[in-house]
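First up is the structure itself, then whatever we jot down about it.
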Amino acid sequence: MSGGSASLGPLNLKRARILVTNDDGIGAHGIRLLARIARSLCKDVWVVAPENEQSAASHSLTVRAPLRVARLGPKRFAVNGTPTDCVMLAVGELMGERLPDLVLSGINHGGNLAEDISYSGTVAAASQATFMGIRGIALSQISRPQHPIKWSTAEQFAPDLLRRLAGESWKRDVMMNVNFPDRVASAVRGIEVTSQGRRRQIERVTESFDPFGEPYYWIGSPRAEGSGRKRASVSDIDAAARGAVSVTPLNLNLTDRATATKLRAAFS
Ligand code: MN
């Protein structure tokens, strides 16, 4: 494992070793699609993913319970843990001596935009790779409740996008967060490099009552996306609202340098 600020050079995808994981569970449509895309790019593709859905698991790690691995094929494993557990087990144990060159996480059923990034198990798996000095890319297909998800959009845009990202050199603390818009592929308006957005309102909590009259609470509800500044904004939510594929480079060093400089002056 390596840290620091050195960058990773362009990757020869044909000779690469790729780990595919997700947070929707190993049986999810999106991970099967992503594994298929990865196999179209290189030969050495491994899948290590949670046996059950772990959406909104964020970066949680299982440290107080045993982890079990089910081998489903030569390079395909299910784990009774979180997406982060899966990357740790894959890299530390299951894949042997050779580290993956690239970790792909997804394709998530639903977008991971703005604040979602903090809760997302999909993003966490890619950031875990980044912590280990491995390129990490999270991929999500934005969808709306009660509408069929447009997997073919991700399917059409992902291969070339992955080739292009792999061809770039990138900083070691940086991972990529990709969101495919909720549009048919022919209506997609290009690829935009964006920054993490911020939603206008906080997540709603809904109160209701169970059959025994006890109240229960449900976090999250369907919402309209976009900050309302669609033209000028380079945020992920606004790019998605414009119908573009959003690529956000995320720096996993969370220090705010400007505030640190200001505070140093204040404390000196
Ligand atoms: Mn998910």
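The values are calculated or read from the model by the stated rules, or taken from the named source; none is laboratory data. Bear in mind that the values here come from a model prediction, so they are computed numbers and not experimental data. So basically every Cβ, Gly included, is an ideal-geometry build from the backbone, and we count neighbours across all protein chains shown. Calculation scope for accessible area: heavy atoms of the full protein, side chains included, ligands and nucleic acids excluded. Shrake-Rupley method; radii C 1.70, N 1.55, O 1.52, S 1.80 Å.
State, as an integer percentage, the relative contact order of the range 1-136 based on alpha-carbon contacts under 8 Å between residues 6 or more apart. Write down the numbers at each step before the final one.
Numbers: 276 pairs, mean separation 43.2, N = 136.
Normalised by residue count, the contact order of the range 1-136 is 32 percent.
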Label-point separation (nm) for Val193 and Glu53, each offset 7 Å from Cα along Cα-to-Cβ? 3.5
Relative contact order %, the chain, counting alpha carbon pairs below 8 Å whose residues are six or more apart: 19
Of the candidates Gly73, Gly220, Gly92, which one comes out as most mobile in a Gaussian network treatment of the chain with C-alpha springs shorter than 10 Å? Gly220
Segment Gln146-Glu93, length gained on full extension (0.36 nm per residue, minus Cα span): 15.1 nm
In the chain, what % of DSSP beta bridges are antiparallel (nearest 5)? 40
Picking from Leu67, Leu41, Leu33, which is most flexible by a Gaussian network model of the chain using Cα springs under 10 Å? Leu67
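Using a 1.4 Å probe on the protein heavy atoms, what percent of the accessible area of the range 58-138 belongs to carbon and sulfur? Could the numbers behind the result be given before it?
Values: 1720 of 3220 Å².
Answer for the range 58-138 is 53 percent, counting heavy atoms of protein chains only.
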Lysine pairs, Cα distance under 27 Å, 8 or more residues apart or cross-chain: how many in the chain? 8
Note down the accessible area of Arg36, probe 1.4 Å, to the nearest 10 Å². 130
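Under the Kirkwood approximation applied to all pairs of distinct alpha-carbon atoms, what is the hydrodynamic radius of the chain in Å?
Numbers: mean 1/r = 0.0517 Å⁻¹.
By the Kirkwood definition, the hydrodynamic radius is 19.3 Å.
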Need one value: the accessible area of His59 in square angstrom, 1.4 angstrom probe, rounded to the nearest 10. 60
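Loop-only GluC sites (Glu not before Pro) in the range 164-203, please: DSSP not H, G, I, E or B, and at most 15 other Cβ atoms within 10 Å. It would help to have the intermediate numbers written out before the result.
Details: sites: Glu168, Glu192, Glu203; in loops: Glu168, Glu203.
Within the range 164-203, the qualifying GluC sites (Glu not before Pro) (loop, at most 15 other Cβ atoms within 10 Å) are Glu168, Glu203.
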Given 37 °C and 0.692 mPa s, compute D for the range 1-119 with the Stokes-Einstein relation, Rh being the Kirkwood radius over Cα pairs; round to the nearest whole µm²/s. 221
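Is any helix in the chain, taking whole DSSP H runs, at least 18 angstrom long along its axis by alpha carbon and on average at least 0.0 on the Kyte-Doolittle scale, and which ones?
Details: long enough: 29-41 (19 Å, 0.47); 151-166 (22 Å, -0.24).
Correct list, ordered by number: 29-41.
Starting from the Cα-Cα distance between Ala266 and Ser118, subtract it from 0.36 nm times their residue separation and give me the gain in nm to one decimal.
Working: separation 148, 0.36 × 148 = 53.28 nm, distance 2.98 nm.
Extra length available between Ala266 and Ser118 comes to 50.3 nm.
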Apply 1/(1 + (r/R0)^6) to the Cβ-Cβ distance of Arg164 and Lys14, taking R0 = 22 Å, and write down the FRET efficiency to the nearest 0.05. 0.90
I'd like the FRET efficiency for Ser208 and Arg64, computed as 1/(1 + (r/R0)^6) with the beta carbon distance as r and R0 of 45 Å, rounded to 0.05. 0.90
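If each residue of separation counts as 0.36 nm, what is the full-extension length gain between Leu254 and Val184 once their alpha-carbon separation is subtracted? Walk me through the numbers on the way to the answer.
Working: separation 70, 0.36 × 70 = 25.20 nm, distance 3.52 nm.
Result: 21.7 nm gained on full extension.
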